[in-house]
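Please read through the structure below; I'll follow up with questions.
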Amino acid sequence: PQASNVHALMSEHTVPLPFPMSHGTTTLAFLFQGGVLAAADTRSSCSGLVACPASQKIRPIHSHLVGTTSGTSADCALWKRILSRELRLYQLRHGRRLSTSGAGGGASADLGGTSGGLQKASPSSSGPGLWYVCSDGTRLRGSLFSVGSGSPYAYSILDQGVRWGLTVEEATSVAREAVYRAAHRDAWSGNCVDVYHVTSKGWTRRKREDLKEEYYREKGRQGR
C-alpha cells in the first residue's frame, strides 16, 4: 500500500525540467536536372549544449533512397531502422524496390507518435522524387524543402539560387551556402555540412566539410 501511494503521488505531480530542452537543425533537399541534392549540418544540441558536433542527419535508406532528419535523434534513428527493414522486405517479396511515394506512405505511418520529420529523396521510373513527411502524418511532394530551426535562413538562399538547369557543382555550391547561412544565424545549427547526390545510379556522398571553409570563401569574395 505504501508503494502504491508513492506511485500515485508521482503520477499526479509533473516534475518540471531543470532547463528548456531547445534543439534545432538545418536540413534541405531539392530537385535539379542532375537528380536530387540533399544537405544538412552536423550539430546536435540540447538547450545551450552542443551534444554532438558530428552527427549524421542524412540517413541512407537503401542504394537509391536517402532521408534527411530533424527532431529527436533517438526517434529519427528508430524510424530509419524500421523503414529500412520494411523496404527490404518489400523488395524481397516483390522483386523490386518500392516507389518513393510508397516509401513516403510507410514513413508517414511509422512516424506516428514520434518527435521528428524527414525529407525523402529518390529517383524513379518517372524521374527523381522528393517528399516531406512529418510526425503528424503530413506527407507532401515538392521540388524543394528545408526543415529545421535554420530553414528560414536556408530558404533565403535556395529561393534565389535553385533552378532546374544547375550543374552538380553549382547545386552543391548553393546547398552548401544555404547551410552555411543558416548556421551563421541559427545557434542550434553548425559545425560541418554533409551533401548527398542521388541519381538513377544511386546515391553518392561528398566529403564532409567544415563550415568554416565556407566562411573563409565568403571573406575571400568580400576582399576582392
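The values are calculated or read from the model by the stated rules, or taken from the named source; none is laboratory data. From a predicted model like this one, the values you see are computed outputs, not experimental measurements. Quick reminder, even Gly has a Cβ in these numbers, built from the backbone with ideal geometry, and neighbours come from all protein chains shown. Note: areas computed on protein heavy atoms with side chains; ligands, DNA, RNA excluded. Shrake-Rupley method; radii C 1.70, N 1.55, O 1.52, S 1.80 Å.
Note down all Cβ pairs under 6 Å where the first residue falls in segment 175-189 and is among the hydrophobic types (A, V, I, L, M, F, W, C), the second is part of a loop (DSSP other than H, G, I, E, B), and they're at least six residues apart or on different chains.
Here the result reads 179/26; 182/26; 182/150; 182/189; 183/189; 183/190; 188/24; 188/149, each pair linking segment 175-189 to a residue that is part of a loop (DSSP other than H, G, I, E, B).
Also, I was wondering about something else. Among the candidates 143, 124, 84, which residue alone is among the polar types (S, T, N, Q), modelled with pLDDT of 80 or more and farther than 26 Å from residue 74 by Cα?
The match here is 143.
Let me ask something else. Output the number of residues of segment 25-81 satisfying the condition of being open to solvent by less than 40 Å² (accessible area, probe 1.4 Å), modelled with pLDDT under 90 and basic (Lys, Arg).
0
Sticking with this one: Only one of 135, 156, 200, 189 is open to solvent by 10 Å² or more (accessible area, probe 1.4 Å) and more than 20 Å from residue 84 (Cα to Cα). Can you tell me which?
Selected residue: 156, the only one of 135, 156, 200, 189 that is open to solvent by 10 Å² or more (accessible area, probe 1.4 Å) and more than 20 Å from residue 84 (Cα to Cα).
Then there is this: Applying the selection to segment 203-216, what residues are assigned to a helix (DSSP H, G or I) and either open to solvent by less than 80 Å² (accessible area, probe 1.4 Å) or farther than 18 Å from residue 154 by Cα (or both)?
Within segment 203-216, 211, 213, 214, 216 qualify.
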